[in-house]
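What follows is one structure encoded as structure tokens, with my remarks underneath.
The values are calculated or read from the model by the stated rules, or taken from the named source; none is laboratory data. This is a predicted model, so every value here is computed, not measured. Quick reminder, even Gly has a Cβ in these numbers, built from the backbone with ideal geometry, and neighbours come from all protein chains shown.
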Amino acid sequence: MPQYIRIGETPRKHHIRFPRDTAASYKGEGLHYEHIVTTEGFDRAYSILYHRKPPTRVKRVELHREWALRAAAPSPLRHHHLKSAAIPRSGDPYTGRVPLMFNQDMICSRCRPATAMAGGFDFYRNGQFDDIIFVWRGGGWLESNFGRLRYKIDDYIVIPRGTTYRLVPDDIAQEDYLVLESSHPVAPPTASAISTAPPSSRRTTRRETLPCS
């Protein structure tokens, strides 16, 4: 069951005028701008964000790159050992993802980034998939439009599609991830699914509690 969490200032009710200092506001309108974020429509879990500037404003839109996954040549069904630990470091936590397996539901990649950020692209947003990042090695901060969250080795970071975020590693040379991109929304496990068997429990589940500066 998702839990309600509030960070920063919010109005007393949803969908009402949320004023701010006119002199400091966008074009003197004296408002915060409400933004509802959801991955499956308004009848599922959602978040409400309040912006200092209209979130609909875009500085520019341009094509960064295009790429398509290519399946390996057809072959008889057999076991495979994917030795991904020796993949050379390349790219950043987003462009350095190397796809290992994929189908219509998900993409499984290994990522061993060489740099923290690509020049000019500080933040990333996956508009098609929910990201699940398993931290094989490393640690640092996840910064998003929802706040800041500390991550460390053996963490699973679940990032819903449409979330603007970046990873800020403590030491990029130690970062090593297994990344799952799911075409279906990823939800927290139910109480019955949290047992001694899965690698998830109430003790280890954390939420963002620090606002971004």
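Observations on the model:
- A count restricted to the range 117-142 and to residues that are part of a strand (DSSP E or B) and either under 9 Å from the mean Cα position of the chain (by Cα) or at pLDDT below 90 (or both) stands at 9.
- Restricting attention to the range 13-47, the residues being of a type in the set (Lys, Arg) and modelled with pLDDT under 90 number 1.
- In the range 13-57, the qualifying residues are those that are more than 22 Å from Thr164 (Cβ to Cβ) and among the small types (Gly, Ala, Ser), and the one that is surrounded by the most Cβ atoms within 10 Å (Cβ to Cβ) is Gly30.
- For the range 3-24, the count of residues that are in contact with a helix residue (DSSP H, G or I) (Cβ under 6 Å, 6 or more places away or on another chain) and either part of a strand (DSSP E or B) or of a type in the set (Val, Ile, Thr) (or both) is at least one.
- Single residue of the range 131-151 satisfying the filter (crowded, with 17+ Cβ neighbours inside 10 Å and among the small types (Gly, Ala, Ser)) that is nearest to Thr163 (Cα to Cα): Ser144
- Inside the range 113-130, residues that are closer than 13 Å to Leu167 by Cα and crowded, with 20+ Cβ neighbours inside 10 Å make up a count of 1.
- Against the criterion of being within 28 Å of Pro169 (Cα to Cα), surrounded by 10 or more Cβ atoms within 10 Å (Cβ to Cβ) and not aliphatic (A, V, I, L, M), Pro88 does not qualify.
- All positions within the range 86-98 that are without any contact (Cβ under 8 Å) to a residue 24 or more places away in the chain and assigned to a loop (DSSP other than H, G, I, E, B): Ala86, Thr95, Gly96
- Unmet criterion (only one of (1) in contact (Cβ under 8 Å) with a residue 40 or more places away in the chain; (2) assigned by TED's automatic domain parsing to the domain that holds His184; (3) out of contact with any helix residue (DSSP H, G or I) (no Cβ under 8 Å at 6 or more places or on another chain)) for Ser47: (2)
- The numbered conditions (1) assigned to a strand (DSSP E or B); (2) without any contact (Cβ under 8 Å) to a residue 40 or more places away in the chain; (3) crowded, with 16+ Cβ neighbours inside 10 Å are all true for Met101 except (3).
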